[in-house]
Amino acid sequence: MISPFGAVSNQARARESADYRKSQIRIRSKDSVERWESSMGEAKYYPVVRAWLEREGYYCGGFIENPKGKPIYYQNKGTKRLRIDVAGIRNVGTSLMDEIEVAAVEVRDVDSIQFRDIQDASAYSQYAHKCYLATTGIIDKQDKEEANFLGVGLLKIQSQKIKEVVSPRLNIPNHARMLHFLNVLDVSQCPLCGCFFETYRVGSRDYRSFYAIRRTKYFNAAHDYPKLDVFEKGERKELPGNYKIRRYLCRSCMEEFFPQKIGKEANAADS
Ligand SMILES: [Zn+2]
């Protein structure tokens, strides 16, 4: 598979040999956790669904490896509150502006799908541009109508193959919520250049693809803590977590604009 993130990978690889780099990449997830392998049978269909998304032009992870050297894909990922069976991302912007399209797939290994399954898949429309329900079960006329009504795409999984039975509607997700979802996949948007990228660290060295900054939800803080100077690091630390904002600058912006800051991310991230 040719990764749409190939350009990024190639730039990075230019810094050191691919082999060395491959052996050194270790993810330390910021706050997302890989869900334990599902005890349900559906997990075995994730790779098939992912392969289908990849054929459709989506990048589904795999560039970053876990500590055991296994590629981490955008499958079976998430937190307690927000988890995803399979997801993919592709660039759909222009040469002047980066825009992405996010596809989210809910997988159900059932005899026949219920309206609730379609509803579950449609819940991703808050975060993703395209929502799919992939199932091993029977898809009847009513299922198709309901999926159409909710704008959910239906994928039929049959003998390790995928057939698109209903095409999804293109949603415009809430941007903040989409970023929240992308964070689960360790993907961020650089607030400086606006480009989307994967946030990772290289294990044995002080190499990160991102630089973390902390900011404040200014108006909420001004309303609830009028005496606090949110621009003063020490005072800002007093604020509860729900008043704080995390942004991740991309490595390219750091190298171009703030090279003196590179390697000092840890201090910034903790403040
Ligand atoms: Zn940038």
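The values are calculated or read from the model by the stated rules, or taken from the named source; none is laboratory data. What you see is a predicted model, and the numbers here were worked out from it, not measured in a lab. A quick note on method: Cβ atoms are made from the backbone with ideal geometry, for glycine too, and the neighbour counts reach across all protein chains shown.
Tabulated values for the structure
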quantity: Strands (runs of 3 or more DSSP E) fully within the stretch 67-133 counting 2 or more residues that are of a type in the set (Lys, Arg); calculated: 83-91
quantity: Where a residue in the stretch 223-234 is closer than 16 Å to Ile213 by Cβ and its partner, wherever it lies, is of a type in the set (Gly, Ala, Ser) and at pLDDT below 90, with Cβ under 6 Å and at least six apart; calculated: Lys233/Ser271
quantity: Per-region count, the stretch 172-213, residues within 14 Å of the ligand (Cβ to nearest atom), assigned to a loop (DSSP other than H, G, I, E, B) and buried (at least 20 other Cβ atoms within 10 Å of the Cβ); calculated: 3
quantity: Answer residue from the stretch 235-259, given it is in contact (Cβ under 8 Å) with a residue 12 or more places away in the chain, near the ligand (Cβ under 9 Å from one of its atoms) and in a helix (DSSP H, G or I) and is farthest from Leu179 (Cα to Cα) among those; calculated: Phe257
